[in-house]
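Comments concern the structure below.
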Amino acid sequence: MPVTEWKKILFAATAPALIVAASAFAEPQAAGLSKEFIGPAGGFTQVVTSTSQGVKTIYVSGQVGQGDDFVAHVDSAFAGVVRRLESAGATPADVVKIRIYVKDFDPETYGVIADARRRTFVEGRWPASTMVGVQSLFVEQLQVEIEAIAVIEDPAAGGAVLQREFVGPSSGFSRVVTVTSGGVKTIWVSGQVAQGDDLAAQSASVFEALARNLESVGASLADVVKTNTYIADYKPEDRRVFGEVRTVALGSENLPSSTLIGVQALAADRFKVEVDAVAVVGEEGVEREQVERTFIDPAGGFTQVVTTESGATKTVYVSGQVGRRADDLETQAGQAYGNLRRRLEAAGASVADLVKVNFYFANYGREDARVLGPARSIHGFPEVDFPAATLIGIPSLYADGALIEIEGIAIVGR
């Protein structure tokens with residue numbers, strides 16, 4: 001059965017069949033904000049765009065590769081990203097961030113990925129990038145999945161002034177990419193790895209690297225609104241070790257939202273931890289808007305929800321949400337969806353405002369995604385206009401017995 005058919009079956013256990021056949025649809029949200037859902041696929045949408053004040057942000061669901069060998073899987077996954085970008089009026093030169101997930105990653109194959117990344121994106125405009133090895137993807141035969149975020153000027157609006165900066169280009173990616181519009185600068189920092197003999201030393205080195213990269217574009221760790229942390233060969237005690245270092249680096253107040261997962265491997269065997277980040281600041285040197293941040297529900301080392309408000313929109317970053325680890329997968333999925341809904345509501349958003357979600361399953365099996373449809377419906381998530389999505393299987397979540405985690409980004413008109 002083709003991969004796309006499995007996605008429809010597993011993601012859309014309760015979705016009406018008409019959703020699968022729908023075409024691109026632009027939905028007016030609030031004054032100054034519109035969204036478009038391109039390529040509905042039953043339970044998720046291939047591309048979701050959010051446009052405000054002449055700037056369009058494009059969220060591309062994880063694109064998978066196929067073929068006879070690893071090279072073919074890598075090349076076709078990147079080609080899938082390009083096709084999805086084109087459907088939203090964008091090109092590879094507009095991409096600001098990618099994440100690459102590789103099943104059973106072998107460090108010796110990193111060159112294949114790096115070569116394809118260089119060929120896909122435009123020299124001098126390479127995106128920020130994170131690459132991790134995972135246990136499994138949506139179905140067993142898949143080897144590579146790539147998700148992306150792009151930002152463009154909306155051709156229908158005109159008049160928008162959009163500035164991009166690509167800092168530290170190397171091997172097909174940039175260390176930092178910034179987009180500035182309306183006096184607000186959004187910063188994507190590539191996954192940072194570091195040196196050291198153990199997790200504590202590498203974690204400290206990673207935060208030092210994050211700080212240096214942020215400083216290179218006029219920001220600091222205090223401006224970070226979201227982090228994603230990947231720990232290789234994760235053990236439950238690693239959360240305490242990493243958490244202590246994170247507290248030293250970030251302090252104890254106004255902390256970013258966060259997702260932490262255990263992964264199979266990083267780019268090299270010596271790496272134990274990788275962290276990427278998103279930061280938002282006001283642009284220096286010009287008359288600028290005030291960037292309003294709200295930190296909702298501090299949770300010891302991170303914040304459950306962080307919002308940023310500027311212009312006509314509010315962006316909501318929701319930390320990875322989990323269920324009670326003593327329960328079964330179906331129950332945990334319902335709890336995670338319920339927690340996601342409550343976090344959104346606490347931020348003045350709704351489940352209909354989601355533009356991107358990521359699902360992380362511990363020890364994922366092909367049938368596990370069937371729990372998503374019922375859990376989504378129970379908690380009132382819409383059965384049309386689904387967010388873009390990525391689903392990966394990993395060796396472990398934050399603790400033994402945790403089976404599913406869901407993180408999300410929502411956009412709300414002010």
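The values are calculated or read from the model by the stated rules, or taken from the named source; none is laboratory data. Model, not experiment: these values are computed from the prediction. Because the Cβ atoms are built from the backbone with ideal geometry, glycine has one as well, and the counts that use them run over all protein chains shown.
Picking from V139, V184, V177, which residue would you name as being out of contact with any strand residue (DSSP E or B) (no Cβ under 8 Å at 6 or more places or on another chain), among the β-branched types (V, I, T) and in contact (Cβ under 8 Å) with a residue 60 or more places away in the chain?
Numbers: V184 fails: out of contact with any strand residue (DSSP E or B) (no Cβ under 8 Å at 6 or more places or on another chain); V177 fails: out of contact with any strand residue (DSSP E or B) (no Cβ under 8 Å at 6 or more places or on another chain).
Just a single option satisfies the conditions, and that option is V139.
The conditions are (1) buried (at least 22 other Cβ atoms within 10 Å of the Cβ); (2) of a type in the set (A, V, I, L, M); (3) part of a loop (DSSP other than H, G, I, E, B), and I261 fails exactly one of them. Which is it?
(3)
What is the number of the single condition among (1) on the phi < 0 side of the Ramachandran plot; (2) among the small types (G, A, S); (3) under 22 Å from the mean Cα position of the chain (by Cα) that A200 does not meet?
Here A200 meets the rest and fails (3).
Within region 77-92, work out how many residues are buried (at least 18 other Cβ atoms within 10 Å of the Cβ) and hydroxyl-bearing (S, T, Y).
0
What pairs come out if I take residues in region 201-216 that are under 14 Å from K272 (Cβ atoms) and in a helix (DSSP H, G or I) and pair them with residues that are at pLDDT below 95 and among the polar types (S, T, N, Q) whose C-beta lies under 8 Å away, six or more apart or interchain?
Within 8 Å, the pairs are A201/Q195; Q202/Q195; S205/Q195.
Just the residues that are charged (D, E, K, R) and assigned to a helix (DSSP H, G or I), please, taken from region 107-128.
E108, D115, R117, R118, R119
Does region 255-279 hold any residues that are under 16 Å from A211 (Cβ atoms) and among the hydrophobic types (A, V, I, L, M, F, W, C), and which are they?
Correct list: L255, V273, V275, A277, V278, A279.
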